[in-house]
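Reviewing the structure listed below.
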Amino acid sequence: MFKMSSLILTLLIVSVSSWADAPSLSEETKVMLKEAKAHVDPIEPQKLKELMADEKIILLDVRDPDEWEKSTIQYDRQVKISRGFLEIKYPKLILDKYSKDDTFVVYCALEPRSVFAAQRLQQLGFKHVMYLQGGLKNFNP
């Protein structure tokens, strides 16, 4: 229970950070992030663009609705699901259209939320999950 509470608190802190600035992470969060990265593969922006051109992936934007309004990656096979609601809303928002066997690339503004979200998707049984290295800030269409 403590671990889940810590994760939720961490994600709230990370999500409040301005997307223009690097998030200020606690030492505990840095450890959790390092652990999550050990289990989830990153994808570089250029490789993501190639896979998008071939329509071989589904994008998951785990930012908050106010961030979606500012900017987003333009792509038809995309799901917008705020990180705070991932575990609650994924059956309806993701599984109504896609399966756990599809390939997903998770992104946020900078990276931490997407890493944690990708790890959670793996824990929920999704088989092919990556996160966008450097986040949306690192992605130029």
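Are any residues in the range 91-120 in a helix (DSSP H, G or I) and open to solvent by less than 30 Å² (accessible area, probe 1.4 Å), and if so, which ones?
PRO112, ARG113, SER114, VAL115, PHE116, ALA117, ALA118
Right, ILE88: over 17 Å from ASP41 (Cα atoms) and touching a residue at least 40 places away in the same chain (Cβ under 8 Å) or not?
no
Taking interchain pairs and intrachain pairs at least six residues apart, which have beta carbon atoms under 6 angstrom, with the first residue in the range 34-52 and in contact (Cβ under 8 Å) with a residue 40 or more places away in the chain and the second part of a loop (DSSP other than H, G, I, E, B) and open to solvent by 30 Å² or more (accessible area, probe 1.4 Å)?
PRO42/GLN133; GLU44/GLN133
In this structure, does THR72 turn out to be within 18 Å of ASN138 (Cβ to Cβ) and either at pLDDT 95 or above or open to solvent by 30 Å² or more (accessible area, probe 1.4 Å) (or both)?
So THR72 passes the test.
Filter the range 16-40 down to the residues that are among the charged types (D, E, K, R) and open to solvent by less than 100 Å² (accessible area, probe 1.4 Å), then identify the one that is modelled with the lowest pLDDT.
If we take residues in the range 16-40 being among the charged types (D, E, K, R) and open to solvent by less than 100 Å² (accessible area, probe 1.4 Å), then ASP21 is modelled with the lowest pLDDT.
How many residues are under 16 Å from the mean Cα position of the chain (by Cα) and open to solvent by 90 Å² or more (accessible area, probe 1.4 Å) when one looks only at the range 46-65?
Adding up the residues that qualify gives 0.
Across the range 33-69, what is the total count of residues that are in a loop (DSSP other than H, G, I, E, B) and farther than 18 Å from LYS137 by Cα?
7
Considering ASP66, ASP76, ASP54, ASP61, which residue is closer than 15 Å to TYR131 by Cα, out of contact with any His (no Cβ under 9 Å at 6 or more places or on another chain) and not small (Gly, Ala, Ser)?
Being closer than 15 Å to TYR131 by Cα, out of contact with any His (no Cβ under 9 Å at 6 or more places or on another chain) and not small (Gly, Ala, Ser) holds for just one of ASP66, ASP76, ASP54, ASP61, which is ASP61.
The values are calculated or read from the model by the stated rules, or taken from the named source; none is laboratory data. Given the structure is predicted, the values throughout are model-derived calculations rather than measurements. Cβ sites come from the backbone with ideal geometry, for glycine too, and all protein chains shown count toward neighbours. For accessibility, only protein heavy atoms count, side chains too; no ligands or nucleic acids. Shrake-Rupley method; radii C 1.70, N 1.55, O 1.52, S 1.80 Å.
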